[in-house]
Each structure stands twice: as structure tokens, then as C-alpha cells.
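To start, the structure under review is shown below, and the notes come after it.
The values are calculated or read from the model by the stated rules, or taken from the named source; none is laboratory data. Since this is a predicted model, take the numbers as computed values, not measurements. Cβ: placed from backbone, ideal geometry, glycine included. Neighbour counts: every protein chain shown. The accessibility values were calculated without ligands, DNA or RNA, using every heavy atom of the protein model including side chains. Shrake-Rupley method; radii C 1.70, N 1.55, O 1.52, S 1.80 Å.
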Amino acid sequence: MIKGINLSKIYESGFISKKGIVAVDGVDIEIREQETLALVGESGSGKSTLGRILLLLTKPTSGKVIFDRVDLTRLRNRKLRDLRRKMQIIPQHPEDALDPRWKLYDSIAEPFRIHKIAGKDDEEETVHKLIELVGLDQELLRRYPHEVSGGELQRVVIARAIALNPKFIVCDEPTSMLDVSVQASVVNLLMDLQRKLSMSYLFITHDLELADIVADRIAVMYAGQIVEEGIGVLKDPLHPYTQTLLGITTPISREAITPRGCKFYNLCPERSSKCLNAPKTVEMSGRRVKCHLYMEH
Amino acid sequence: MWVLVVRDLHVHFVLENMTVKAVDGVSFHVSEGEALALIGESGSGKSVLGMTILRLLPENVRVNGKILFNGSNLLDLSEEGLREIRGKEIAWVPQNPATSLNPVMKVGIQVAEPMEIHLRIDRKSAVQRVANLLKFFDINPPEKRVNEYPHQYSGGMKQRALVAMGTSTKPKLIIADEPTKGIDMTKKVSIVELFRKIKKNELSLLLITHDLPFAEKLADRIAVMYCGQIVEVCNVKKFFKSPLHPYSKALLNSLPSRGLKPIKGNPPSMVNPPKGCKFHPRCEYMSGRCLEEPQMFEIDGNLVRCWLYD
Ligand SMILES: Nc1ncnc2c1ncn2[C@@H]1O[C@H](COP(=O)(O)OP(=O)(O)OP(=O)(O)O)[C@@H](O)[C@H]1O
Ligand SMILES: Nc1ncnc2c1ncn2[C@@H]1O[C@H](COP(=O)(O)OP(=O)(O)OP(=O)(O)O)[C@@H](O)[C@H]1O
Ligand SMILES: [Mg+2]
Ligand SMILES: [Mg+2]
């Protein structure tokens, strides 16, 4: 369905020190049809950046994104815009995503208008159906973004993302502002839609329990790289970082400096001199791990 | 000693053709050195309640009731009197980093501002303190991060920068709205650590949160909101073992670890709320009496708004 090949993103920062922040560092990622890949990892590890790159909302510094056999990085803007109806985002901060001057109705209806899909009556009916699907009252549609609660706004953004029956959605912390009951209904809704419409999801979350429930596969990100990926990663973690993320082991330091080699070196309870060279990703019975412990030397 | 006392508070928004009863008769208190966690349904009025205490609401709002802080009613204070309290005596950590951080100002300077104003320290030492705070919250490298703009931060970093800003001035009461939203376990530990320290210094916390494990770790008591009302106030240990109100029980049962089962039925409307007990259309224990509004009943020092406890 969607595939990222050797993706990197460097944010240049500062005029003085021309040293950039490497937000995403040589990532290969693939999400198949009707599959949910959960992306977990600590704050700042590059999850949102990677998600946005897959939708070309952020341009990668290098690498390719293949969607439906087309390389998105080489498309013109118009072509890309047409494809956009098949790829959506539920952004981490919904307040950023909506125009504060528009009533919520117009924000949800916008995708229909851009892609010239529905007539006026159809549009109204669909918008009403969508807002009900996410468990909100139609009355809310006549309000502005600042006139609803955080979790209500998050659900409006979800309604907008599913409006055009996309094939792929990047869900970036989609339930971070919902109580656990509403979270359960929203997650069930997303899973239902996936089955009915064969959608694929990249599901970014800090809630490891939730990740384990929704995901077919899990990818763990650390310092811009995917360090472990596969099925059952959280039940049986192989990478030392995944083990610290789950609290099975503790990092041996608080200072995450990485001059060269493995990026987890300074914190890793199992490090050895080999780790001063960068590890390669190895594949073992469906699991991919980037760690010297599992490489043949 | 009670630091904050809220009595029969009503907050209504008047819109074009409707009134939203966002807070509808809320009473509670927070003691010195106590952490009270306010949990409950999305849209039930938690943020509005917090913003009412600091009078951060828009013009079209009607507020009734009393909010006593250090004995004086905040609702009677002049804007000037309030400025003395806001940020200095009572701090606020807002729910939305995107709308709360100024996009064209360096994070270091924004976070330093409350310290400059309320602690009367100069910009340079304030920014130095910010760097220390960023380091505490694992926003690395801090000397570089103080000079960055909000869009250069990841989502969780912005969230932590807000917590740093809200807690830097040693206020008597901190109201934090979803301070752990989108933050991973390892980083959450620093927030828990910080709030524990705050409590030890006899300062008080009102924590608005959907993060139940976080509430369990930090709170002394849990207050549960549903459709503009507090339906339960309960000691934390008891709450997570056996909560009182049917809504609380149903809420705990929809935790991911318990199978992700949502509460049946739709969330109530705040424009036309259900008659009587507002939870009755969705309640497993519903009986004829529930069409009448229940009062708060006291059970072993805990409070619950449900006829089952009459
Ligand atoms: N527009 C930008 N300009 C400069 N740096 C950026 C920008 N966006 C992100 N970064 C940096 O890139 C890194 C990765 O950020 P990203 O938002 O992808 O992290 P994340 O894994 O989503 O974190 P979180 O869990 O906190 O949301 C961080 O160091 C961040 O500061
Ligand atoms: N400015 C406003 N005008 C009209 N209604 C509003 C306004 N602000 C909030 N509301 C409504 O008041 C109710 C309470 O909102 P509030 O933000 O307090 O909810 P909350 O409990 O914090 O929810 P969440 O957990 O989703 O953040 C909601 O129904 C919301 O739609
Ligand atoms: Mg993010
Ligand atoms: Mg809120």
C-alpha cells in the first residue's frame, strides 16, 4: 500500500552552527493494505515527522515514498493534491489543523468541496452522518474551534479525516484528549472502517497497551531510526531500547549523547565495544532489529 | 486548611441560538498540600471549570456561584487584583500547546516570562533557569532549545515546555489541564517527580486528566465530572478498587487493559441535558427514581450523586 525507502529528514537550524537536527535517519517502512502499523517511541524520536513525510506534508531530505506504485516525491503538486483524498492525517494537535475563523461544519465539509465530490444536500447529510459517527451532536457543527472542548475538537478532526473514505490514514496520537470510554468507541470505529474499506493506518501512540491492541505490527523508533519492528514486539522485545521503553530494564545513564555508532550506545545496558560502529538491521523470523546483539560477527 | 473552595458554580455560554450549560452546579475544595484529580467524560466541563477559576473565559459567558481562594471570592476581584493572583498564586498549565505558545517567540523567553514578572529576576537568569528546567524535562540540548521556536519542538516537547512555564513561579495552587497528554512513560516520570516535589512543599494541585494511571500515582482524591456536574469525589485508593458512581464504574471498565469496551449510548447534550440524573439514559442501574435529580450523598467521607446510595 505505502512504502518509505531510506527516508531521512534533516532540519537545518541556526545560522551560526550549521548543524541540523536529524529527525528521521534512513528509515525503511512499509504498511500493507488493511494493516495497522503502530509506531511507538519516546518524545522527539521523529514519529510525527515520519508520519508527515509518508503523506508528503513534510518533504524528506532524501528517500522515496511509494503509494499505489507511484513515487510521491516526484509528483507535481497538482497530482499530489488529487492523491491527497486517498491519504489523510489525524494530526497530533487538532487546534493547529482547523481554520479558527471557520465553523466546524465548513471544516468537515472542506474535503468535499476541494475535491468537488458532493452536491449541497449530499454534503449536509454526509457531514451529519460523520459527526454522529464520532459521537458528537450535530449542534456542535455551528460552533467555532475555540467553542468546543479539546476532545470534541479531536473528534471533529477525525471526522474530517475519514470523510472521503481514504485508503491510508496517519493517526498521530488520535485519542490523546479523549476519556477512556470515548477512546474505546473511536478506536472501535477506526477498526470497523478499516475492515469495511480496507484502509491502512500508521498509528502513532505513547500508550503501549493501546498500541498492542490496535496493531498488526509494531515499529519502535529511537533517535530517528526504527530500531525494532514486527509482530509481538511489546510482548517479546529484542532490542535493548524496546526493553527500556517497556520498563523491563533501565537505561544506564540519563545523558543521551551519540557521537557515532549505535545511537542508543550511551544508555544501553548491554553495550559493548562493537557498538561504537553503527549496527545494521537484521531480520530474524519476521522481526527486524537494529542491534549488534543480533548481528553475526 | 482549604486553599480553594468552589461553591455551587454555574458557567453557561450564550451562543446565537442556544445556551451551553458547561458547568452546572459544581462544589468542591482543594486542601493545602493536596492533589485533587478531576477526571471524566470528554466535554463534561473540566477545562471550563479550570478556566473559570482563573477567569480566562470569553465575553459570552455567564458565571454564578463562589470561588474562594485564600478567603476572597475570585469572581468579585477586579481585573487588576486578579493579575496579582494569576501566575503568581495560582498557575495554569493549559490543555493546548498549539494555541498557548506564541509561534514567533523563542521558547526560552516565553517560559522565562512568568519568572521575570512574578519572581522579579532578570531575563538572563530567568532564561538560565529555563535551560535547567528543559534539562530536567529531557529537552536536549537545553542551551540550544531555549533559542528555538515552538514549531521546532516535537508535540511532547511543547507539552513539557508548558508544564515548565506553569510551574516555574512556585505558586500556591497549580491547575494543570492534561499535563501528560502525548507524553511517553519515561518522560512522564519527570512530571510525576516534579509534582510530587510540589506537593511535598505544601503546595496544592488540581490535575485535570484523562490519564488514569497518572491520576492514580499522584492524586489524593479523585473528582469525577459528567455533563457539567461532579458525580463523585472519592479517596484515590478506594476509587481505583471500587468506585461508587455507576458512571465511574463504566469508565474504568473501558480502559484498554479491560478490553476497550465503551460505555453504551451517546454522550449527553449540554444544550438539552437529560432530566434528573444526567447519566440515567446510559446507566445499568436505572430505576424510576432517576428521573428526579439526585443530591450528593456522603458515604464514609466520600461523595456520590446517585440514588443507589440514598
Ligand atoms: N519544523 C521543525 N523544525 C526544526 N526541528 C523540528 C521540526 N519539527 C520537528 N523537529 C525536531 O525533530 C525531532 C523529531 O520531532 P517529531 O515531532 O517528529 O517527534 P515525535 O516523535 O513526534 O515526538 P512527540 O512524541 O513528542 O510528538 C525533534 O527533535 C524536533 O525538535
Ligand atoms: N467558548 C465556548 N462556547 C460554547 N461552548 C463551549 C465553549 N467552550 C467550551 N464549550 C462547551 O462546554 C463544554 C465543556 O467544555 P470543556 O472544554 O470544559 O470540556 P472538557 O471536560 O475539558 O473536555 P475534554 O476532556 O474534551 O477537554 C463542552 O460541551 C464544550 O463544547
Ligand atoms: Mg509527535
Ligand atoms: Mg478539556
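What distance in nm separates the simple spin-label points at B:K238 and B:F297, each placed 7 Å from Cα in the Cβ direction?
1.3
Kirkwood hydrodynamic radius (Cα pairs, Å) of chain A?
20.4
If R0 is 51 Å, what FRET efficiency do you get for B:K135 and A:H128 from their C-beta distance, rounded to 0.05?
0.55
Taking the Cα centre of the stretch B:224-288 as origin and charging only Cβ (+1 Lys, Arg; -1 Asp, Glu), how large is the dipole, in debye to the nearest 20?
Roughly 180 debye for the stretch B:224-288.
Find the accessible area per residue for chain A; the probe is 1.4 Å, ligands and nucleic acids are left out, and the unit is Å².
I get 46 Å² per residue for this part.
Towards the positive end of the charge dipole of the protein assembly as shown, with charges on Cβ (+1 Lys, Arg; -1 Asp, Glu), say which of A:A278, B:I174, B:H280 has the farthest Cα.
A:A278
Within 10 Å of each Cβ of A:204-211, how many other protein chain Cβ atoms are there on average?
4
List the trypsin sites (Lys or Arg not before Pro) within the stretch A:226-266 that fall in a DSSP loop (any state other than H, G, I, E or B) and whose Cβ has at most 13 other Cβ atoms within 10 Å.
A:K235, A:R254, A:R260
For the stretch A:30-47, what does the Karplus curve 6.51 cos²θ - 1.76 cosθ + 1.60, with θ = phi - 60°, yield as ³J(HN,Hα) per residue in whole Hz, taken in order and with x for Gly and Pro?
Each residue's phi maps through the Karplus curve to give 9, 10, 8, 4, 6, 10, 10, 9, 8, 10, 10, x, 5, 4, x, 7, x, 5 Hz.
Where the only charges are on Cβ atoms (+1 Lys, Arg; -1 Asp, Glu), what is the dipole of chain B about its Cα centre, to the nearest 20 debye?
That gives a dipole near 840 debye.
Tally the DSSP beta bridges in the protein assembly as shown and give the antiparallel ones as a percent, rounded to 5.
Counting DSSP beta bridges with both partners in the protein assembly as shown, the antiparallel share is about 60 percent.
Apply the membrane-span-like helix rule to chain B: whole DSSP H runs, Cα extent along the own long axis of at least 15 Å, mean Kyte-Doolittle hydropathy at least -1.0. List the helices found.
Passing helices, by number: B:107-118, B:123-136, B:155-167, B:185-200.
Give me the distance in nm between label points sitting 7 Å out from Cα along the Cα-to-Cβ direction at B:T186 and B:Y285, one decimal.
Distance between the two pseudo-spin positions: 4.3 nm.
For chain A, give the share of DSSP beta bridges that are antiparallel, in percent and rounded to the nearest 5; count only bridges with both residues there.
Counting only bridges with both partners in chain A, antiparallel ones make up about 60 percent.
Can you work out ³J(HN,Hα) from phi for every residue in the stretch A:135-148, in order, using Karplus 6.51 cos²θ - 1.76 cosθ + 1.60 and θ = phi - 60°, giving whole Hz and x for Gly and Pro?
Taking θ as phi minus 60°, the curve returns x, 10, 7, 4, 4, 4, 5, 8, 9, 8, x, 7, 9, 10 Hz for the stretch A:135-148.
Compute the distance from the alpha-carbon center of the stretch B:55-105 to that of the stretch A:142-207, in whole Å.
31
Assign one of three labels to the stretch B:255-310, namely rounded, prolate or oblate, based on the Cα gyration tensor with a ≥ b ≥ c the square roots of its eigenvalues; rounded applies when a/c is under 1.5, prolate when it is not and a/b is larger than b/c, and oblate otherwise.
oblate
Quantify, in whole percent, the carbon and sulfur part of the accessible surface of the protein assembly as shown (1.4 Å probe; protein heavy atoms only).
So the carbon and sulfur contribution to the accessible surface is 50 percent.
Reported to two decimal places, what Rg/Rh ratio describes the protein assembly as shown when computed on Cα atoms with Rh from the Kirkwood expression?
Radius of gyration over Kirkwood radius for the protein assembly as shown works out to 0.96.
Counting other Cβ atoms within 10 Å, keep those with at most 15, restrict to DSSP loop, and tell me which GluC sites (Glu not before Pro) in the stretch A:206-297 are left.
Sites meeting the loop and neighbour criteria: A:E255, A:E270, A:E296.
Test of understanding: express the Cα radius of gyration of the stretch A:236-294 as a ratio to 2.2 N^0.38 Å, with N the residue count.
Against the empirical 2.2 N^0.38 Å value, I get 1.09 for the stretch A:236-294.
For the stretch A:15-94, which trypsin sites (Lys or Arg not before Pro) are both in a DSSP coil and crowded by at most 13 other Cβ atoms within 10 Å?
Here the trypsin sites (Lys or Arg not before Pro) that fit, given the DSSP loop and packing criteria, are A:K18, A:K19, A:R32, A:R69, A:R76.
With a point put 7 Å past each Cα toward its Cβ, work out how far B:N266 is from B:Y309 in nm, to one decimal.
3.0
What do you get for Rg/Rh over chain B if you use C-alpha atoms and the Kirkwood form of Rh?
On the Cα set of chain B, Rg over Rh gives 0.98.
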